[in-house]
Amino acid sequence: MKRWRDFTVLALALASPILLPPAHRPTLRILSTPMPFAYVAHLRTFILIWMAMLPPLLCTYVGWATLPCMVMIVILFLGLDSISGEIENPFGYDWNDLPLDKILGELVLDIQQVRGGRIGAEGGAGGE
């Protein structure tokens with residue numbers, strides 16, 4: 001596993017000055033493209049209609065347990081809707097976003113180690 005990681009970091013370090021700018025443009029386009037409003041509205045309308053039609057069907061099978069079942073189903077679907085909104089843009093500084101600063105800091109340290117450069121003051125090795 002360590003050998004594969006070192007090879008990946010070395011390949012990235014050698015190719016990054018050439019490949020990084022063209023590869024960065026599509027990621028910026030993905031980040032700045034919001035979900036289409038029509039898609040979100042259609043999906044939420046479908047979920048609302050489906051949840052409105054479900055209680056009569058459940059009532060014939062589970063009787064008075066329809067209410068607790070519907071509460072659980074509504075919580076589940078509203079939670080999934082909320083999660084999909086968070087997954088749409090995982091970049092930022094909210095508590096549930098990806099820790100990109102930490103990931104990039106580790107990547108910089110790995111590249112510096114592969115290139116033989118110094119790690120820096122926080123790394124504790126190879127500093128001046």
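Summary table below
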{"item": "Residue check for S32: within 26 Å of the chain's Cα centre (by Cα) and at pLDDT below 60", "result": "no"}
{"item": "Residues (aliphatic (A, V, I, L, M) and not in a helix (DSSP H, G or I)) located in segment 63-100", "result": "L98"}
{"item": "Every residue from segment 54-103 that is of a type in the set (S, T, N, Q) and either modelled with pLDDT of 80 or more or loosely packed, with under 10 Cβ neighbours inside 10 Å (or both)", "result": "T60, T66, S82, S84, N96"}
{"item": "Boolean, L43 is surrounded by 10 or more Cβ atoms within 10 Å (Cβ to Cβ), farther than 30 Å from I30 by Cβ and either under 22 Å from the mean Cα position of the chain (by Cα) or free of Cβ contacts under 8 Å to residues at least 12 places away in the same chain (or both)", "result": "no"}
{"item": "Failed item, numbered, when F37 is tested on (1) surrounded by 10 or more Cβ atoms within 10 Å (Cβ to Cβ); (2) at pLDDT 70 or above; (3) not hydroxyl-bearing (S, T, Y)", "result": "(1)"}
{"item": "Which numbered condition D110 fails, given (1) among the charged types (D, E, K, R); (2) at pLDDT below 80; (3) in a helix (DSSP H, G or I)", "result": "(2)"}
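The values are calculated or read from the model by the stated rules, or taken from the named source; none is laboratory data. Note that this is a predicted model, so its numbers are computed, not measured. Here the Cβ is made from the backbone with ideal geometry for all residues, glycine too, and neighbour counts use every protein chain on show.
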